[in-house]
Each structure stands twice: as structure tokens, then as C-alpha cells.
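Undergrad: So that we are looking at the same thing, I have put the structure below in C-alpha cells.
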Amino acid sequence: MTKPFTRRHRVVTAAIGASAALAISLTGCSGTSTGSGGEGSGDDEIGVSLIVKTNSNPFFIAMQEGAKAAAEQEGVALTLAAGKEDGDEDTQIQAIEAAISKGDKGILITPNGPAVLDAIDKARQAGIFVIALDTVPDPADAVDITFATDNFLAGQYIGEWTAGALDGEDAVIGLIDLFDDKAVSVDYNRDQGFLDGLGIDLGDDQVNGDEEAEGEYSGGKGGSYEIVGNEASQGAEDGGRTAMENLLAKNPDINVVYTINEPAAYGAYQALEAAGKTGDDVLIVSIDGGCAGVGQVKDGIIDATSQQYPVKMAEEGVKAVVDLVKDGTKPENTDGLDFFNTGVELVTDTPVDGVKSIDTAAALDICWGGE
């Protein structure tokens, strides 16, 4: 399987997610302390809460580490919290309420769903500057700004690569998404971006699974496609494995697998391996670009992934709160988008003509750290 496709550009909102246990753990990130930052804090330090989707996903662990480093450098008292699982809105709401009670100056949050928006509004009314990371809420102006990957573009990249790699072959596609019980922008943007990049006509680009089940894809050399189905994974390895097993039960001839993230991709690979479908039998593409995921690309488990930069999101978020408190400077959205774009790169060791990419050696040098 080989070759190209010309990129169609599209501007749409970004997002991603997964979750974990409420770990409102105070992090002593600087030698000074503050009244708004938590226990033992002095009056001149800035309190910021980072509330991620989960502590079980390496993406959010990297985001936390980036926030810690930035907080230490900027003299910020940082509180860490997380949902119990992907989609756990209640625990995130509790963390927002705790930030309000502490008098934090800023909240950085990867929203687990729309139910957190009322709590975010309450925080903003209390004078807290709220920044979404990775996941653009709906509506986007429910927060002061979002620092995120252009997830539609990330999906397009792996879709374009897939079209080129198919080299005119028929595509039998299994889609492994995040949720099947709620719509979040990271989920539909990545899925819909992938199909758009492959050259499949979309229905509603904010709805997964409403495309024509069969037809022609126009990317690369073009060819026929069949969409076997969409399965939810919760962004987890075991979810990806179960989702892949369900898809194979519907059609064992799947030769293209899209996954919401790399943990789900690895789970899908395990199911495919158990079914005796390995190597050149199936193309697996994903989005994240963590060190482990890039290693899986290098090892041939994942064929291509789009790399995003959670550390940069966290660093930019902490710095934005500090700048606002110190001199009133507010961050601005990237031109043409309703969020600040923190960048994305396609990663593969089997490039195709007409699709810009970096290899795993270059991606391992970056590995979630930003550009």
C-alpha cells in the first residue's frame, strides 16, 4: 500500500479527552506561597487549578507535568484534579467548586462534557479566568479561551495518509471513537476529519456515523469504501480491544482502522493480532503522538498518528493566567479559529507522496513537549 492526496483545509474546533479520580492534590510548585493558591501559601502567589479528564491517560499525565514545570517557573501555586473516568463530569464540577472556594485566579480544564459548563460559568462570574485545554467546549465562548490541537486537521492528516497508503485499494473501515452516549468536539472532529481526509463525503460534521455506509473515497488514487461501523472505546486500551472485536464480528475483512487515540489503537491491535490479522493486512491510524504511541509507530503496531502537544497547552495556560494577573494581558485565538492552535504533525515511517509528515525519530525528540 502506497501514495498521495492533496490536502483539503478546513477550520473546525478542537478537543480531546479521557478522565480519572479526583486528585485535588496541592502541588508546591514554587518556593513562595499564596493565599489564593492553597495551604501554606503567601499573599503574592497566584493560585491555579488544573482539572484534567483522567489520571490514567498518559496524555493528561504529560499535561500535568507540563503545568507543574510552568507553575514552578512562574511562581504559581498549582492544584491538580481529575475525573474518575473519561466522561466523569461530576468530579470535575467538584474540583471547579473547590477552586472557587480557594479563590484561585485561574482554572485550566479539559472538559469531560457539557454538564461542567454551568460550574465554569459560576467560576467566571466569581472572577476566575477559565481556560479549556485540548477540548473546545460547545459553545466555545463558555470559557475565556481554549489552547488545543486542531483535531479536525489532525484527523485529516491521518485520513490523507490512509488514502495514499491504500494506493487505490478498496477500504473496509472500522471506526473506534470515544463515546456513543454524548457528543464532544474531540470525538467528532477527529472522526470526521479522518473521513474528510480520506475523501468520504460527510453528513453532519458534528455527528459520528451518519455518512453513507458504502461509496467511493476520493483521496489518493480513489477507490470504493465500506464503513463497517462506529464503536466507542472511552479512549482506553481495553475499550479499543472490545470495540475492535465487535467490528470484526460484523465484518472480518476490515483493512482500515481509525482510532480516537493511541491507547485505543493498541487495544485494537491486540484484537486484530488475536484474530490473525497483522502486518500488511490492516492499516491502523490514530491521534496523540505520545512517546509510547510514537514507539508503536516505530514498531509497526500503528501505521501513522497525528502528534499533538499537551505540555505546550499546559505551559501556555499557566503563563496566560500569570500574564493576566500581572499586567492584564489576555491571550487571543489563532486567526480563523475559535481557539489557540498549539500545533499538530503527522508521524509515520512510511511516508506517502503529497502528505507532509515527520518520522518517528523526529517525533520522539518532540514527544508531547511542543514545537
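Undergrad: Hey, any hits in region 197-206 for a residue that's at pLDDT 95 or above, buried (at least 24 other Cβ atoms within 10 Å of the Cβ) and not in a strand (DSSP E or B)?
TA: yes
Undergrad: Would you please name the residue that is nearest to LYS53 (Cα to Cα), looking only at residues in region 206-249 that are in contact (Cβ under 8 Å) with a residue 60 or more places away in the chain and in contact with a Gly (Cβ under 6 Å, 6 or more places away or on another chain)?
TA: Taking the candidates together, the pick is GLY240.
Undergrad: Tally time: how many residues in region 291-332 are surrounded by fewer than 24 Cβ atoms within 10 Å (Cβ to Cβ), of a type outside the set (D, E, K, R) and under 30 Å from GLY106 (Cα atoms)?
TA: From region 291-332, those surrounded by fewer than 24 Cβ atoms within 10 Å (Cβ to Cβ) are 291-292, 295-296, 298-301, 311-312, 315-316, 319-320, 322-332; that's our starting set.
Remaining after also requiring of a type outside the set (D, E, K, R): 291-292, 295-296, 300-301, 311, 320, 322, 324-325, 328-329, 331.
Still in the running and under 30 Å from GLY106 (Cα atoms): 291, 311, 320, 322, 324-325, 328-329, 331.
Qualifying residue count, region 291-332: 9.
Undergrad: Being in a loop (DSSP other than H, G, I, E, B) and without any contact (Cβ under 8 Å) to a residue 60 or more places away in the chain is the filter here, so list the residues in region 297-350 that pass it. Steps first, answer last, please.
TA: Keep residues of region 297-350 that are in a loop (DSSP other than H, G, I, E, B), which gives 299-303, 308-309, 328-339, 342-344, 348-350.
Within region 297-350, ASP299, GLY300, ILE301, ILE302, GLY328, THR329, THR334, ASP335, ASP349 meet the criteria.
Undergrad: Within 20 Å of the chain's Cα centre (by Cα) and on the phi < 0 side of the Ramachandran plot: is that true of ILE120 in this structure? Step through it out loud before you land on a result.
TA: Values: within 20 Å of the chain's Cα centre (by Cα): no; on the phi < 0 side of the Ramachandran plot: yes.
For ILE120, the condition - within 20 Å of the chain's Cα centre (by Cα) and on the phi < 0 side of the Ramachandran plot - is not met.
Undergrad: If you don't mind, there's one more thing I want to ask. Mind counting the residues in region 207-233 that are within 18 Å of the chain's Cα centre (by Cα), assigned to a loop (DSSP other than H, G, I, E, B) and among the hydrophobic types (A, V, I, L, M, F, W, C)?
TA: Number satisfying all stated conditions: 1.
Undergrad: Being under 19 Å from GLU332 (Cβ atoms), of a type outside the set (S, T, N, Q), more than 12 Å from the chain's Cα centre (by Cα) and crowded, with 19+ Cβ neighbours inside 10 Å is the filter here, so list the residues in region 141-162 that pass it. Break it down into steps so the answer makes sense when it comes.
TA: So in region 141-162, the residues under 19 Å from GLU332 (Cβ atoms) come out as 141-150.
Next, only the ones that are of a type outside the set (S, T, N, Q) stay: 141-145, 147-148, 150.
When the remaining residues are screened for being more than 12 Å from the chain's Cα centre (by Cα), the result is 141-145.
Result: ALA142, VAL143, ASP144, ILE145.
Undergrad: Of the numbered conditions (1) in contact with a helix residue (DSSP H, G or I) (Cβ under 8 Å, 6 or more places away or on another chain); (2) crowded, with 24+ Cβ neighbours inside 10 Å, ILE120 fails exactly one; give the number of that condition.
TA: Only one criterion is unmet by ILE120, namely (2).
Undergrad: Same structure again: Return the total of residues in region 38-51 being over 22 Å from LEU324 (Cα atoms) and at pLDDT 50 or above.
TA: Looking only at that region, the number is 0.
Undergrad: Would a scan of region 57-66 turn up a residue that is among the polar types (S, T, N, Q) and not assigned by TED's automatic domain parsing to the domain that holds ASP281?
TA: Applying the first criterion (among the polar types (S, T, N, Q)) to region 57-66 yields 57, 64.
The next check asks that each one be not assigned by TED's automatic domain parsing to the domain that holds ASP281; those that pass are 57, 64.
Yes, there is a match, as at least one residue in region 57-66 is among the polar types (S, T, N, Q) and not assigned by TED's automatic domain parsing to the domain that holds ASP281.
Undergrad: From the list GLU212, GLU231, which residue is surrounded by fewer than 21 Cβ atoms within 10 Å (Cβ to Cβ) and not assigned by TED's automatic domain parsing to the domain that holds GLU89?
TA: On the way: GLU231 fails: surrounded by fewer than 21 Cβ atoms within 10 Å (Cβ to Cβ).
Within the list GLU212, GLU231, the selection yields GLU212.
Each row is one residue, and each column tells you yes or no for (1) closer than 22 Å to ASN57 by Cα; (2) in contact with a Leu (Cβ under 9 Å, 6 or more places away or on another chain); (3) at pLDDT below 95.
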| residue | (1), (2), (3) |
| --- | --- |
| LEU108 | yes, yes, no |
| GLY127 | no, no, no |
| VAL130 | no, yes, no |
| THR146 | yes, yes, no |
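Undergrad: Where residues in region 144-162 are out of contact with any helix residue (DSSP H, G or I) (no Cβ under 6 Å at 6 or more places or on another chain) and not in a helix (DSSP H, G or I), which of them is nearest to GLY219 (Cα to Cα)?
TA: The qualifying residue nearest to GLY219 (Cα to Cα) is ASP150.
Undergrad: Here is a list of conditions, (1) farther than 24 Å from LYS326 by Cβ; (2) at pLDDT 95 or above, and GLY87 meets all of them except one; can you say which number that is?
TA: Of (1) farther than 24 Å from LYS326 by Cβ; (2) at pLDDT 95 or above, only one is false for GLY87: (2).
Undergrad: Given ALA165, ALA71, ALA77, which one is out of contact with any helix residue (DSSP H, G or I) (no Cβ under 9 Å at 6 or more places or on another chain), crowded, with 24+ Cβ neighbours inside 10 Å and modelled with pLDDT of 95 or more?
TA: Residue meeting the stated conditions: ALA165.
Undergrad: Name the residues in region 234-252 that are within 14 Å of GLU273 (Cα to Cα) and outside any helix (DSSP H, G or I), would you?
TA: Within region 234-252, PRO252 is the sole residue that qualifies.
Undergrad: Tell me which of these PHE340 doesn't satisfy, since it passes every other one: (1) in contact with a helix residue (DSSP H, G or I) (Cβ under 6 Å, 6 or more places away or on another chain); (2) within 22 Å of LEU153 (Cα to Cα); (3) surrounded by fewer than 24 Cβ atoms within 10 Å (Cβ to Cβ).
TA: (1)
Undergrad: Can you run down the residue pairs with Cβ atoms below 9 Å, 6 or more apart or on separate chains, where the first is in region 255-275 and within 8 Å of ILE176 (Cα to Cα) and in the same structural domain as SER224 (by TED's automatic domain parsing) and the partner is at pLDDT 95 or above and among the aromatic types (Phe, Trp, Tyr)?
TA: That search, which allows pairs on different chains as well, returns VAL257/TYR269; TYR258/PHE194; THR259/TYR266.
Undergrad: Still on this structure: With region 49-140 as the region, which strands (runs of 3 or more DSSP E) entirely inside it contain at least 3 residues that are within 29 Å of GLN206 (Cβ to Cβ)?
TA: Numbers: elements: 76-82, 106-109, 129-133.
Because the criterion is at least 3 residues that are within 29 Å of GLN206 (Cβ to Cβ), the strands (runs of 3 or more DSSP E) in region 49-140 that meet it are 106-109, 129-133.
Undergrad: Considering region 64-106 alone, what residues qualify as being among the aliphatic types (A, V, I, L, M) and either in contact with a strand residue (DSSP E or B) (Cβ under 7 Å, 6 or more places away or on another chain) or within 14 Å of LYS53 (Cα to Cα) (or both)? Please lay out each step first, then the result.
TA: Kept after step one, since they are among the aliphatic types (A, V, I, L, M), are these residues of region 64-106: 67, 69-71, 76-78, 80-82, 93, 95-96, 98-100.
Hits for region 64-106 are ALA67, ALA71, VAL76, ALA77, LEU78, LEU80, ALA81, ALA82, ILE93, ALA95, ILE96, ALA99.
The values are calculated or read from the model by the stated rules, or taken from the named source; none is laboratory data. Please read all numbers here as calculations on a predicted model, not as lab measurements. Here Cβ is always computed from backbone atoms with ideal geometry, including for glycine, and neighbour counts include all displayed protein chains.
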